[in-house]
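Read-outs throughout are calculated quantities, based only on the coordinates presented, and are distinct from any laboratory measurement. Everything quoted here is computed from the prediction, not taken from an experiment. Note that each Cβ is placed from the backbone with ideal geometry, even for glycine, and that neighbours are counted across all protein chains shown.
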Amino acid sequence: MSKLPGRYPGMSGQALGTLKRHGARAIATSLNRAGHRTRAGRPWSHASVITVLRNRVYLGEISYRGQHHPAPHPPLVDPATFQAAQRLLEERGEDRRTRAANASEYLLAGKILCDHCGLHYVGNAVNGNRYRYRYYTCFSLQRYGKQACPSERLPADQLDETILAALLDTFARTDLAEQATRAIRSQAADARDRAEGELAAVRTEIDQTEAAIERYLGAFEAGTLPEAQCGKRVQALGAKIAELQARELELQQALAASAVEALPTPADLAELASQIRQVVEHAPVAAKKTLAQQLVHEIHVTSRADIRPIFRVPTRNEPPPAGGEGL
Ligand SMILES: [Zn+2]
């Protein structure tokens with residue numbers, strides 16, 4: 001922490017009054033009129049006023065990895081004034097940055113399914129007197145009302161928190177994920193055995209059919225099979241070979257795709273659990289959203305009391321949730 005950015009334009013009760021009545025633009029105008037400039041020496045703008053009003057450095061804090069910590073400098077504004085300024089910005093809906101960020105702050109966007117109507121829940125917000133309440137609401141309910149779907153809207157902060165906590169708990173139980181990958185491994189091995197068995201049978205049949213064609217052609221050349229008859233049979237056998245070859249290709253592709261090597265090892269799972277903890281406990285909202293989008297398969301909702309998340313174990317080919325080293 002080196003220099004402090006400029007002065008805090010919301011420090012006086014008068015400035016707060018201006019903010020309440022006329023907004024950040026009016027503060028910028030009055031600062032400019034009084035001859036003040038930003039730290040970069042430019043005139044104040046609506047956006048630069050908001051940036052300063054939002055800056056927790058003035059509270060005597062520094063921000064590090066999305067967490068606020070006490071800084072080795074004294075606060076330049078008392079917390080009550082700072083909070084009053086934040087509240088006014090919210091009430092006036094002035095902070096475009098926050099508003100834009102809010103759209104992406106629905107961590108579980110696209111993941112929640114309504115068990116009543118089968119549609120997805122969407123994020124939406126209701127502005128109260130002081131706060132903004134975020135919800136997830138079934139699309140049918142939101143669009144067409146109670147007669148279209150009897151679902152309930154879900155408080156988003158609470159659901160986000162609950163699901164992240166469940167994610168943390170579930171992946172901390174590395175034995176569960178190991179159990180799941182063991183089951184996948186053995187299913188994959190069974191499927192592989194079956195596909196390999198069928199592939200061998202298909203190849204034998206292709207060989208036999210080719211041998212049959214050879215025999216007909218040999219008989220035709222030896223003059224023991226009339227041309228018309230030979231042509232018909234060879235054509236039918238040729239069609240059969242084409243079918244068998246198509247199936248051979250399908251099986252080869254299925255075997256290549258069922259690469260069991262992509263499943264995470266127990267060491268990967270332990271690493272994943274610690275990355276999840278890091279993100280859930282310390283990372284900013286955007287990283288939490290990336291995490292939720294990657295590891296939540298879907299969430300089935302019947303009511304507030306009946307919410308069933310399904311998590312997924314990432315393969316080794318996917319990027320890790322916390323960035324950095326791969327799984
Ligand atoms: Zn619904």
Item to check | Net +/- balance of residues flanking Asn32 in space, Cβ distance below 11 Å, scoring K and R +1, D and E -1 | outcome: +4
Checklist entry - Rounded, prolate or oblate: which fits segment 132-228, taking a ≥ b ≥ c as square roots of the Cα gyration tensor eigenvalues, rounded meaning a/c under 1.5, else prolate when a/b beats b/c? => result oblate
Checklist outcome for this item: Residues His120, His36 in order from fewest to most other beta-carbon atoms within 10 Å are His36, His120
Item to check | Environment charge at Arg304 (Cβ cut-off 12 Å; Lys +1, Arg +1, Asp -1, Glu -1) | outcome: -1
Checklist entry - For segment 23-36, in order, what is each residue's ³J(HN,Hα) by Karplus, 6.51 cos²θ - 1.76 cosθ + 1.60 with θ = phi - 60°, in whole Hz (x at glycine and Pro)? => result x, 5, 5, 5, 5, 4, 4, 6, 5, 5, 5, 7, x, 7
Next on the checklist: I want the local charge near Tyr106. Using Cβ-Cβ distances under 10 Å, sum +1 for each Lys or Arg and -1 for each Asp or Glu among the other residues.
Outcome noted: +1
Checklist outcome for this item: Shape call for segment 103-165, from the Cα gyration tensor axes a ≥ b ≥ c (a/c under 1.5 means rounded, otherwise prolate when a/b beats b/c, else oblate), comes out oblate
